[in-house]
Amino acid sequence: MNADLAWVKSSYSSADGGNCLEWAPSAALATGAIPIRDSKDTRLPGITVSGSAWSAFVGSLKAQG
């Protein structure tokens, strides 16, 4: 995964890092695929998911409250 991407941390991430994801919105806009990675250890490899998979993931989180 491209290390030069502009990563954005989840708004639910706490100041101490928490258990959250980061994503790269510029890459998502350019390709339609969503790069995501662990915000606790950004050296680990991330994954890329389809826009529909990302929407389903976010929707399920919102439904949980």
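The values are calculated or read from the model by the stated rules, or taken from the named source; none is laboratory data. All of these numbers come straight from a predicted model, not from anything done at the bench. All accessible areas refer to the heavy atoms of the entire protein, side chains included, with ligands and DNA or RNA removed. Shrake-Rupley method; radii C 1.70, N 1.55, O 1.52, S 1.80 Å.
Shape verdict for the chain, please, from the Cα gyration tensor: rounded (a/c under 1.5), prolate (a/b greater than b/c) or oblate.
Taking the square roots of the gyration eigenvalues as a ≥ b ≥ c, the chain is oblate.
Where only protein heavy atoms count, and the probe is 1.4 Å, what is the accessible area per residue for the chain in Å²?
69 Å²
For Cα pairs less than 8 Å apart in space and 6+ apart in sequence, what is the mean separation divided by the residue count of the chain, i.e. the relative contact order in percent?
Once normalised by length, the contact order is 24 percent.
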